[in-house]
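The values are calculated or read from the model by the stated rules, or taken from the named source; none is laboratory data. The model shown is predicted, which means the values in this text are computed figures rather than measured ones. Cβ placement follows ideal geometry from the backbone for every residue including glycine, while neighbour counts extend to all protein chains displayed.
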Amino acid sequence: MQRNGSVLSELFSASQLYHCNKTSPNLLSSLSDNRIRSAHFNNETLIFPPPPSLSNIMDPRRAPRTVSDPKVRKVGFFTDPPDRSLPGPPDHPISSFPTSPPSTVDNSPPSAGNSLSPVMIPPPRHSSSILSRLRRDPAEFFPLPASPTASTSTSFSDDVAWTMKGRGVAAASSSLPGGLLFDIAAIKSAASSVPASGLTTVSAVNNLPIEKGGGVAVEMQDDQSSRSKSLKEKTTKAERRALQEAQRAAKATAKAEDGKTPAAASGAAASVKSGKSLKPPPSQKNDSAALAALEKKAGDRPPEKDRKKEFPQPRMQFDDKSRVEKAKRRAVVKQTEARNRVELFRHLPQYERGTQRTELQSKFFELDPVHPAVYKVGLQYLYGDICGSNARCIAMLQAFQEAIKDYSTPSEKTLARDLTAKIGSYLSFLIECRPLSISMGNAIRFLKNRIAKLPLTLSELEAKATLRSDIDRFINEKIILADKVIVKHAVTKISDGDVLLTYGSPSAVEMVLLHAHELGKQFRVVVVDSRPKLEGQLLLHRLVGKGINCTYTHVNAISYIMHEVTRVFLGASSVLSNGTVYSKVGTACVAMVAHAFRVPVLVCCEAYKFHERVQLDSLCSNELGDPDVISKIHGREDINFLDGSTNSENLQLLNLIYDATPSDYISMIITDYGMVPPTSVPVIVRDYRREHLWI
Amino acid sequence: MRRNIKLAVGNIVRRVLHIIREEDLSLTTAAIAGLNLSAASDGDDDDDGEQDEHTVLSAAAVAASARNALRPPSLQTLLEDMPESVAIPHTSSSGGDSEGKSKSADKSSRTRRLKHDVIEAVNELIQDINTCHEQIAEQAVEHIHQNEVILTLGSSKTVLEFLYAAKEKKRSFRVFVAEGAPRYQGHLLAKELVTRGLHTTLITDSAVFAIISRVNMVIVGAHAVMANGGVIVPVGLNMVALAAQKHAVPFVVLAGSHKLCPLYPHNPEVLLNELRSPSELLDFGEFSDCLDFGSSIGSPLLHVVNPAFDYVPPKLVSLFITDTGGHNPSYMYRLIADYYSADDLVVRRRVALGN
């Protein structure tokens, strides 16, 4: 609720603002001065309240609880999810997800947050343990901006949310209007979501008085006025009614406060704050307030936001004509739709290949918004020069690094917002070249998160340097280091005399095999390959070049070869939180046959590729490759049966890129957190989200 | 190895042997009936003894011819040999016969009748084999309903005719064709289906698992049907059958009765398989340095495995559709008893020993 209020605050005009101060006095207790500060943080015009001393920061929630000044009822305005500054498509869910309401704050003391959740996996024994330690004891590593509170509140709010649900209080919070309105904002910016349901709107009415408290932070709206204006036009009847009702309620309370102008409101807010939390000495006001805000943002907000984000935004459905039209208008590359679209996959993009390449090349000089480095990577995606989710992810991040290096904030814009928009536009360019993989989506989410969390005190140069080093750290820790850890784990599963089977050309598995070979283990590798990419041949080349004994075959012969195999090592594009392994098409076949032959299947996958989405089949979400490569077989000119008939409307060529392997077939997932069964994936996903904030 | 692969040839040889036995038996019973009328007990005995001798000898002769016949143009040579093989035992037996000439003349007429009957029966068999596609296809409408989604892998004339017959009967359905690497017969099938106006989607073999959840039925042709109800099929179909089982999709095998093999499979993946050239999978030019035996270890670093067939165990097969109707895998042994005589398996073994 708290967050919702803050979210709402953005949406309310100043005229409604001043009504809200007196509503819901009981919520006062949940108000923390830190949060207030952070709410103001986004709006630089606000006067910051006196900064708290460190001890105050340590215990931000307790103090306000004792204060009972009615003026401090502006419960709603303490948090603003950092995402708000992202104009690009946010990952927020459309549904109104239960968020942590203020009333339960009393139920769990802040310290409770420090305890590890019972399901938490044991700390890894390897170098990545630094990361997890970071999560638990951030002060040790980030003494400056991140005070221990942040970590406390991280898990704390998380716990709160869970408690909430358990207690059934969620009834009230489950349909929080904040979620709704926030989503509307998301819709506005992303222009790709479904309208919020009427149900949530109704509950918005109930909760309104509280949310209006958030209105104090209206000034934040200034720089987003255009957005919220258009948003207002979009508000539904129910929402307008909600507004009216709220106003009426506010009048009924007969407020003394009548500061109609934002300045007055902020003044009131400031006084309220100082009245409420007397601790912070006025002298350090400005910078420590910023600090507090920063640490608030870093620590408190994200988990809540993540909770919301746990439902990823529905993906673009290409059978929705109006949306496709809209997307087309925005598109940089004009793509012609394939003539014979496969009926089952109308919801996925199916374009003619070939045309986009020439078009992209010819458009190079017109596409000024796209940074050359990004452009290059995009073309590489398009031509298939870079494949494999790790390689693609690293290439993208490095391109963004270049772009950030050359970026300069236009006047009258803030770096955080403008850069996010910029990256959003690069991203849509990349998506047009090839749909993002899940791992890339996760990396983007990280990057946007970092941008949003940039302290405003940093100069542009510093901010850019920070971002670039963040990206470097992501690549190093989440991909390169993670691979090393995976190799270390996986090698223990290889013994002399083993026959290992792998499918395609997974980078992690290749490293495992090479490392095992270096250790002098005697084993044989079966490389299973499939059309159309035949990536296995590349792997085969590299393995044979290192002197590893190999057997090569195609996926159809898998039942033949499986008799002699003792272990199957597979790579993954992503692991979804129901344990499904989303990987190169054919992986499911291999895993299934291995399962049928009682051969253990080990999946090597870095934790950054884990995703909270769930999927049961390979059809709802997938990527379609170039259909023409199906009809033409490379190197087999004798097979040209289909040469004349590809234009026939009865013939459809389907080139699936991914498939989903059910978790039943997976014996073990080897990740940088150690070796876990597929059932533990959701635990890692949740854990990872928290840790993610700290890298 | 080579001999084992062409199971259908062996099947036909056995069928013909079976036909000869049957015809001979029916003639003999007719003769016995005639002799019974004259009530000559010793003649009856003699006849019996001769029949035994005749059977053994003719079986040996046919087996000898079958040995030659095991090479591809076998059916032809077998049929040409047939009268001789029947004639040989006759002359030998007549030479050793101590009975009078009247008996011998009677026998030669009997032999002619036997020849005639056998030729007739073999012609019938040929006819059966030629028309088995149509007979199987006739049943298509009973198995394919409107808007069905069918998956198949590789190419088979039986499957093509089957699907086309359903299309002829105004059923509309779509077909997913897995290409069937490395021979890519699926491309051929897809082309045929498209020219005949069926909605066809060509997929890679690896996409089978992804697609099968939306498929109502898997229909495939078989290379051979074993006595236990298992099938030898083009490579890749075991994977399809497993996926079909996982998604509870019926796995239907179309097979003419000439594909019915009276053998029980033992290690069929190896013994009833054929390994084809690696050139279908790998470009020799690219990997020539790894494939040779000249490396220091003495064995090549790289092996390429390219089997031609898969074995699908009976528990993965939902239904056989043959020219005699639909059958459960567990019923196959019964069909075999109908088509083959148990002695022929022994004959086969004798041939093996003789070799």
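Within region A:626-646, the set of residues being touching a residue at least 40 places away in the same chain (Cβ under 8 Å) and surrounded by 19 or more Cβ atoms within 10 Å (Cβ to Cβ) comprises A:Pro627, A:Ile630, A:Ile633.
In the list A:Gly635, A:Gly586, which residue meets the criterion of being touching a Ser or Thr at 6+ places or on another chain (Cβ under 6 Å) and facing chain B (nearest Cβ under 8 Å)? The conditions single out A:Gly586. Condition first: in contact with a strand residue (DSSP E or B) (Cβ under 7 Å, 6 or more places away or on another chain), within 14 Å of chain A (Cβ to nearest Cβ) and not in a loop (DSSP other than H, G, I, E, B). Now tell me which residues in region B:299-335 satisfy that. Residues satisfying the conditions are B:Leu302, B:His303, B:Val304, B:Pro307, B:Phe309, B:Asp310, B:Tyr311, B:Val312, B:Leu316.
Among the conditions (1) crowded, with 18+ Cβ neighbours inside 10 Å; (2) assigned to a helix (DSSP H, G or I); (3) not basic (Lys, Arg), B:Gly180 misses just one, which is (2). For region A:650-666, does any single residue satisfy the condition of being in contact (Cβ under 8 Å) with a residue 24 or more places away in the chain, more than 28 Å from A:Glu343 (Cα to Cα) and more than 10 Å from chain B (Cβ to nearest Cβ)? For region A:650-666, residues in contact (Cβ under 8 Å) with a residue 24 or more places away in the chain, more than 28 Å from A:Glu343 (Cα to Cα) and more than 10 Å from chain B (Cβ to nearest Cβ): present. Filtering region A:556-591 to residues that are among the β-branched types (Val, Ile, Thr) and under 20 Å from A:Ala508 (Cα atoms) leaves A:Val565, A:Thr566, A:Val568, A:Val575, A:Thr580, A:Val581, A:Val585, A:Thr587, A:Val590. Against the conditions (1) touching a Lys or Arg at 6+ places or on another chain (Cβ under 8 Å); (2) within 9 Å of chain B (Cβ to nearest Cβ); (3) part of a strand (DSSP E or B), A:Val575 satisfies every one except (2). Which condition number in (1) charged (D, E, K, R); (2) more than 10 Å from every other protein chain (Cβ to nearest Cβ); (3) out of contact with any strand residue (DSSP E or B) (no Cβ under 7 Å at 6 or more places or on another chain) is the one that A:Lys493 fails? Every condition holds for A:Lys493 apart from (3). For region A:552-572, the set of residues classified as more than 12 Å from every other protein chain (Cβ to nearest Cβ) and part of a loop (DSSP other than H, G, I, E, B) consists of A:Thr566, A:Ala572, listed by residue number.
Quick check on region B:244-292: of everything there that is aromatic (Phe, Trp, Tyr) and in a helix (DSSP H, G or I), which residue is farthest from the other protein chains (Cβ to nearest Cβ)?
Across region B:244-292, the extreme among qualifying residues is B:Phe284.
What do you reckon, is A:Arg598 free of Cβ contacts under 8 Å to residues at least 60 places away in the same chain, surrounded by fewer than 24 Cβ atoms within 10 Å (Cβ to Cβ), within 14 Å of another protein chain (Cβ to nearest Cβ) and more than 29 Å from A:Thr679 (Cβ to Cβ)? In short, no.
Of all residues in region B:147-182, those satisfying the criterion of being at the interface with chain A (Cβ under 10 Å from one of its Cβ atoms) and either touching a Gly at 6+ places or on another chain (Cβ under 7 Å) or free of Cβ contacts under 8 Å to residues at least 12 places away in the same chain (or both) are B:Leu153, B:Gly154, B:Ser155, B:Val177, B:Ala178, B:Glu179, B:Gly180.
Reported count of residues in region B:188-211, each being touching a residue at least 24 places away in the same chain (Cβ under 8 Å) and within 23 Å of A:Asn655 (Cβ to Cβ), is 16. On inspection, B:Thr195 passes the criterion of being facing another protein chain (nearest Cβ under 9 Å), among the hydroxyl-bearing types (Ser, Thr, Tyr) and more than 22 Å from A:Val585 (Cβ to Cβ). Against the conditions (1) over 14 Å from A:Ser439 (Cα atoms); (2) crowded, with 24+ Cβ neighbours inside 10 Å; (3) touching a helix residue (DSSP H, G or I) at 6+ places or on another chain (Cβ under 7 Å), A:Glu606 satisfies every one except (1). Does region B:249-261 contain any residue that is modelled with pLDDT of 90 or more and surrounded by fewer than 20 Cβ atoms within 10 Å (Cβ to Cβ)? Yes, some residue in region B:249-261 is modelled with pLDDT of 90 or more and surrounded by fewer than 20 Cβ atoms within 10 Å (Cβ to Cβ). Those helices (runs of 4 or more DSSP H) of region A:361-479 in which at least 2 residues are in contact (Cβ under 8 Å) with a residue 24 or more places away in the chain and more than 19 Å from the chain's Cα centre (by Cα), considering only elements entirely within it, cover A:372-383, A:389-405, A:415-433, A:460-473.
When restricted to residues that are within 21 Å of A:Cys605 (Cβ to Cβ) and surrounded by fewer than 13 Cβ atoms within 10 Å (Cβ to Cβ), region A:457-475 contains 0. Every listed requirement among (1) farther than 22 Å from A:Ala490 by Cα; (2) more than 13 Å from every other protein chain (Cβ to nearest Cβ) is met by A:Leu619 save one, (2).
At pLDDT 80 or above, at negative phi and in a helix (DSSP H, G or I) - does that describe any residue in region A:338-355? Yes, region A:338-355 contains a residue that is at pLDDT 80 or above, at negative phi and in a helix (DSSP H, G or I).
Quick grid of which residues meet (1) more than 12 Å from chain B (Cβ to nearest Cβ); (2) over 15 Å from A:Asp483 (Cβ atoms); (3) modelled with pLDDT of 95 or more; (4) not in a helix (DSSP H, G or I):
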residue	(1), (2), (3), (4)
A:Ala508	yes, no, no, no
A:Lys521	yes, yes, no, yes
A:Pro532	no, yes, no, yes
A:Gln537	no, yes, no, no
A:Cys550	no, yes, no, yes
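Of all residues in region A:539-548, which are hydrophobic (A, V, I, L, M, F, W, C) and part of a helix (DSSP H, G or I)? A:Leu539, A:Leu540, A:Leu543, A:Val544, listed by residue number. Select from region B:213-243 the residues that are crowded, with 24+ Cβ neighbours inside 10 Å, closer than 28 Å to A:Ser663 by Cα and more than 7 Å from chain A (Cβ to nearest Cβ) and list them in ascending order. Residues satisfying the conditions are B:Val218, B:Ile219, B:Leu237, B:Val240, B:Ala241. Is it true that B:Ala166 is under 26 Å from the mean Cα position of the chain (by Cα), farther than 15 Å from B:Gly221 by Cα and of a type in the set (A, V, I, L, M)? Yes; evaluated as a whole, the condition is true for this residue.
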